[in-house]
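The values are calculated or read from the model by the stated rules, or taken from the named source; none is laboratory data. Predicted model, so just to flag it, every value in this text is computed and none were measured. Note that each Cβ is placed from the backbone with ideal geometry, even for glycine, and that neighbours are counted across all protein chains shown. To get the accessible areas, we keep the full protein, side chains included, count just its heavy atoms, and leave off ligands, DNA and RNA. Shrake-Rupley method; radii C 1.70, N 1.55, O 1.52, S 1.80 Å.
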Amino acid sequence: MTSRQVAGLPWCSDHTMTLASSSCEIRFLGLVPYEPVWHAMQDFVAKREPDTRDEIWVLQHEPVFTQGQAGKAENILEDIGIPVVQSDRGGQVTYHGPGQLVIYFLLDVKRRGFGVRTLVDLIEQSILQLLTELGIDAELQKGAPGVYVAGKKIAALGLRIRRGSSFHGLSLNVDMDLRPFSAINSCGYAGLEATQLADLLDAPRPDLFRETAARLLQILQHRLDPGSGLV
């Protein structure tokens, strides 16, 4: 399966890379609508073979609310003109939009020898490490996947395992318009507020999104491939 054979999405060689000693190929999609990427993930998982290389997709989405498999209509509080997509990931409703870092994990978890709980823990701990490095005191909440700062959600997780392979992943609020979160009960919790990196740092960083994506990818790669030397 080549990069240009995934559901017709406009991949190009300038936007892919393989990190040294890594078992994953990294693809950068840019700002893209939700549904074509979702269907491309489904297509990738359906067609992958035992020796297919794992991939990580890095992107931002155009504004969209997505409902997980457990999503309830009453958690969408107001129609503000943003489309709602019923997805097949885990979890409840969330918002994606420009300035939010989204990373999707297309991993053969059976081959790697771990399940969804291990993958969730790996992702959460990677985000916590990133935030700690930035001087931000973040935490997990029991029974509520994701990462929180002072009770506000900064990162959400939603995964799906099919045929021994994962898809979907994480979203991290970097520097975005948070107002659409007020139109939903984010992740199914009434009154849960959102926060973002740009509002938590002591000084503005003009290249915050790129720096955040690069460092989080390094941390994730190190945890996925401990012998890679990436730290």
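What to note about this one:
- Using a Förster distance of 30 Å, the FRET efficiency for Tyr189-Ile80 (Cβ separation, nearest 0.05): 0.95
- Among Leu192, Leu170, Ala138 the positive-end extreme of the charge dipole of the chain (Cβ point charges): Leu170
- Using a probe radius of 1.4 angstrom, the carbon and sulfur fraction of the accessible surface of the chain is 51%.
- Over the chain: helical MRE at 222 nm, DSSP H runs n ≥ 4 each giving -39500 (n - 2.57), nearest 500: -7500 deg cm²/dmol
- Chain lengthening between Glu211 and Arg53 when straightened (0.36 nm per residue, less Cα-Cα): 54.3 nm
- Shape call, region 172-231: gyration tensor on alpha carbons, a/c limit 1.5: oblate
- With 28 Å as the limit on Cα-Cα distance, the pairs of Lys47/Lys142; Lys110/Lys152; Lys72/Lys153 that go past it are Lys47/Lys142; Lys110/Lys152.
- Answer label, with Rg/Rh (Cα atoms, Kirkwood Rh) calculated from the coordinates and candidates (1) 0.96; (2) 1.15; (3) 0.93: (3)
- If you plug the beta carbon distance of Gln42 and Asp137 into 1/(1 + (r/R0)^6) with R0 = 45 Å, you get a FRET efficiency near 0.75.
- Surface exposure of the chain, expressed per residue as accessible area with a 1.4 Å probe, stands at 46 Å².
- Spin-label model, Val116 to Gln69: label points 7 Å out along the Cα-to-beta-carbon direction sit 0.5 nm apart.
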